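Engineer: Structure in structure tokens, see below.
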Amino acid sequence: MKNKIFFLVGVFLIILALAGCNNKKEYKFATTSKGTSYNEVGGLVTELINKNDNIHFTMLEGSELGSFVNCKKIYRNEVDFAIAQNDTKVSGFLDGEGSVVDSKIRTVIPLYPEILFVVYADTIVANDIKELVTGRRIGVGPFNSGTHRFFEAYLKHCGIDSTAFKFVHSSWAENVVSDKIDISVNVGGYNASAVVDMLNTKKCKIFSLGDYRLYGKGSPVEGFCMNYTTARPFIIPMQTYSYGPKEPVLTLAVDAVLLCNKDVDANDVYTIVDELMKNSKILVDKNPLLSSINSKFDQGTLNFPLHEGTIRYLERDEPSFIEKHIDIIGFLTTILMAGSGVLLAFFRKMKAAKKDRIDEYYEKVLTIEKTMSEINSSDEIKASLDKLHLIKQDAFKALIEEKLLANESFNIFLGLTDTIIIRLEKKKEEL
């Protein structure tokens, strides 16, 4: 009976362990319809994150999704993550009179710049934006899309009456220059397939919002950005696409950002940001649009505050110099300690050798002292004195060459030598 109980408990624990291993956090991720930059980038992000052992994204796509709707879905807890334009107004997602930090929406990281494309049939001739849009049908995607809101704000800034043109709302797939749309406006990545496809027909152009040579010198778009602070001037270079533009195009850009609900676990957001940063080169290989992903973005331009997980990533404790190079420092310390031991032993040996050397000089002097009683002639005395002077000179030479130490032993040697010299000289006088 006991064995059976142990067996069942063991099976139960194994099942729990296996269940724990496969217990991924499930998150819903809103993008928009296929063919858009949101969808293409969202697919790459989903593919990357789903390789993680602990997090799984389910990507939602469809023409009903867009910046405002995606933010609304986060606000209503219908999705956990979404891509949206950074100019989406925070005030629409606050409970009561709360501050920005009371919003349920948080920024994870800016993904890429979304460029304002004003694409028109090359049969249209216009010198300025007012002349371009007056009396024309302008496609801006689904109603209340980020593109609609952004371009409407620009036209209002230019003082163009809303009755002078007509906005056409449609799915993103239908938002192209056609017999129903004179001007197609898109806010997306520079390589958005819808824009590229229109340009490839060779019948469409991108309208420049001013003289590109005035960029940085007070161009019209810079005046707009002074009032619309989440936008910035942007220049589309010549030959960005196979069929143009033939001249640089001055337009506007606003960041596409990855957003999430503020209640998403901070550790998961940290992991997501870390994965995006570590794999940024792989993402760029798959879509050059994502070359803008980096940790040095301007936080002051973000509409929604950063998520705690992103803040932790940006403010993570960088290892100190010692921590980074602990292995090398440990190796060098070992070498240094071993070297110190060798040096100490060498110096001890040198000191002992110098001591042995002074002993040799002592023996030479004492040998002469022992023979003093046997010396009976002036010649023998002179020979002994010469030897003593030579020994003394050799000792001083060794001292200068640091082969002897200038210590008490050396002073005793000198005193002994001088004493014997005096005695020999006295004996010489007596003879």
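The values are calculated or read from the model by the stated rules, or taken from the named source; none is laboratory data. What you see is a predicted model, and the numbers here were worked out from it, not measured in a lab. Here Cβ is always computed from backbone atoms with ideal geometry, including for glycine, and neighbour counts include all displayed protein chains.
Engineer: Could you please find all residues in region 39-65 being touching a His at 6+ places or on another chain (Cβ under 9 Å) and not polar (S, T, N, Q)?
Structural biologist: Once the filter is applied, which keeps residues that are touching a His at 6+ places or on another chain (Cβ under 9 Å) and not polar (S, T, N, Q), region 39-65 yields only 49.
Engineer: Then there is this: So for region 147-166 (the condition being touching a residue at least 60 places away in the same chain (Cβ under 8 Å), among the small types (Gly, Ala, Ser) and in a loop (DSSP other than H, G, I, E, B)), does at least one residue qualify?
Structural biologist: Checking region 147-166: not a single residue is touching a residue at least 60 places away in the same chain (Cβ under 8 Å), among the small types (Gly, Ala, Ser) and in a loop (DSSP other than H, G, I, E, B).
Engineer: Could you identify the single residue in 182, 161 that is of a type in the set (D, E, K, R) and buried (at least 17 other Cβ atoms within 10 Å of the Cβ)?
Structural biologist: Exactly one of 182, 161 is of a type in the set (D, E, K, R) and buried (at least 17 other Cβ atoms within 10 Å of the Cβ), namely 182.
Engineer: Against the condition touching a residue at least 12 places away in the same chain (Cβ under 8 Å), closer than 23 Å to residue 287 by Cβ and out of contact with any helix residue (DSSP H, G or I) (no Cβ under 6 Å at 6 or more places or on another chain), how does residue 86 come out, does it pass?
Structural biologist: When the stated conditions are applied, residue 86 passes them.
Engineer: Same structure, new question: Of all the residues that make up region 364-401, how many are without any contact (Cβ under 8 Å) to a residue 24 or more places away in the chain, surrounded by 10 or more Cβ atoms within 10 Å (Cβ to Cβ) and not hydrophobic (A, V, I, L, M, F, W, C)?
Structural biologist: Count: 7.
Engineer: When you scan region 265-273, do you find a residue that is among the β-branched types (Val, Ile, Thr) and in contact with an Asp or Glu (Cβ under 6 Å, 6 or more places away or on another chain), even just one?
Structural biologist: No, the conditions are met nowhere in region 265-273.
Engineer: While we're looking at this one, here's another question. What number of residues within region 84-99 are out of contact with any Gly (no Cβ under 6 Å at 6 or more places or on another chain) and either in a loop (DSSP other than H, G, I, E, B) or at pLDDT 90 or above (or both)?
Structural biologist: Count: 11.
Engineer: In region 245-278, which residues are surrounded by fewer than 19 Cβ atoms within 10 Å (Cβ to Cβ), in contact (Cβ under 8 Å) with a residue 24 or more places away in the chain and in a loop (DSSP other than H, G, I, E, B)?
Structural biologist: 245, 247, 248, 262, 263, 265
Engineer: Against the definition (touching a Lys or Arg at 6+ places or on another chain (Cβ under 8 Å) and farther than 24 Å from residue 238 by Cα), how does residue 153 come out, yes or no?
Structural biologist: Criteria not met by residue 153.
Engineer: Could you check how many residues of region 279-290 are surrounded by fewer than 13 Cβ atoms within 10 Å (Cβ to Cβ) and not acidic (Asp, Glu)?
Structural biologist: 2
Engineer: If you don't mind, another one. Based on what the data block shows, is residue 148 surrounded by 19 or more Cβ atoms within 10 Å (Cβ to Cβ), under 44 Å from the mean Cα position of the chain (by Cα) and not hydrophobic (A, V, I, L, M, F, W, C)?
Structural biologist: yes
Engineer: Let me ask something else about it. Within the group 78, 131, which residue is acidic (Asp, Glu), over 30 Å from residue 199 (Cβ atoms) and either at pLDDT 90 or above or part of a helix (DSSP H, G or I) (or both)?
Structural biologist: It is 78.
Engineer: Test of understanding: among 208, 170, 184, which residue is in contact with a helix residue (DSSP H, G or I) (Cβ under 8 Å, 6 or more places away or on another chain), of a type in the set (Ser, Thr, Tyr) and not in a helix (DSSP H, G or I)?
Structural biologist: 184
Engineer: In region 127-141, how many residues are touching a residue at least 40 places away in the same chain (Cβ under 8 Å) and under 45 Å from the mean Cα position of the chain (by Cα)?
Structural biologist: Of the residues in region 127-141, 7 are touching a residue at least 40 places away in the same chain (Cβ under 8 Å) and under 45 Å from the mean Cα position of the chain (by Cα).
Engineer: Within region 223-233, does at least one residue satisfy the condition of being within 23 Å of residue 69 (Cα to Cα), at pLDDT below 95 and either among the hydrophobic types (A, V, I, L, M, F, W, C) or not assigned by TED's automatic domain parsing to the domain that holds residue 285 (or both)?
Structural biologist: yes
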